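Take a look at the structure below.
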Amino acid sequence: MELLKKNLPVVIALVIAIVASVLIYTIIKAQTPSVPVVYANQILRVGLTITPDQVSVKYLPASAVPSNSFRTVDQVIGATVYNGPIVKDNIITSDHLSTYGSLMATLNTFAPEGWTAVELPGGGGAGMNGIKRGDSVDIYGEVMSGQGTVIGKICGGAIVLSMPSENNSQFVVAVPDQYAPAVAELIIKDRSMTVTLPNNSTVTEATKIPEVTPVEETGGA
């Protein structure tokens, strides 16, 4: 005990030195770029489905990495940007991405509540290359009337969710729920159809609900 009392200042100094060393090590480690994190290497806009060329990985200090970020690009590939845009060089977090599948996320992003996603027959409107996701189009096809089969407007103001591509010749559009059966009938019964792009077609906000028109005859047999 007497020896401890004599060496107490040395013991205290040793403890302080150990604590200081641990703190310094912790601080240095926290500031060392050692944690991988996924970031956007270009602007990622709302509704975009993330592809490998749009994201990269960089290393940051642990203190600078959000807890809801991602460590590998595989974790975000195929996800849809729901909350954005994500600015170039910004870290991608779970708050940016939809928890739904890609199509569901696109439907929730571009269409008002209560609308339904439905595919159109392959080939219809495929030549309209300028149409983009979020545009509002009118759908025309064969309809029955007292005069027989005529060409009529099946639904006006349908919102484009996906466009034809090299691997898929079909449009997917969102329509009010009550119009879904009439639009779905086009593909079920293999009927010809096309889409037109009105001058005031682009929907930029969910509150801008395009006018939906009922079936309208435009010609006779």
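Remark: the stretch 156-161, residue by residue, has Karplus-estimated 3J(HN,Hα) of x, x, 5, 9, 6, 9 Hz, where x stands for each Gly or Pro and the curve is 6.51 cos²θ - 1.76 cosθ + 1.60 at θ = phi - 60°. For the stretch 67-77, backbone phi angles converted through the Karplus equation (6.51, -1.76, 1.60; θ = phi - 60°) give residue-by-residue couplings of 5, 9, 8, 10, 9, 10, 5, 4, 6, 10, 4 Hz, Gly and Pro being listed as x. Under 8 Å for C-alpha pairs, at least 6 residues apart: give me the relative contact order for the stretch 14-74, rounded to a whole percent. Once divided by the residue count of the stretch 14-74, the mean separation gives 40 percent. Taking square-rooted eigenvalues a ≥ b ≥ c of the alpha carbon gyration tensor, is the stretch 27-110 rounded, prolate or oblate, where a/c under 1.5 means rounded and, failing that, a/b exceeding b/c means prolate? Verdict is prolate for the stretch 27-110.
Just so you know, all these numbers are worked out from the coordinates, no wet-lab data involved. Not measured: the values here are computed from a predicted model.
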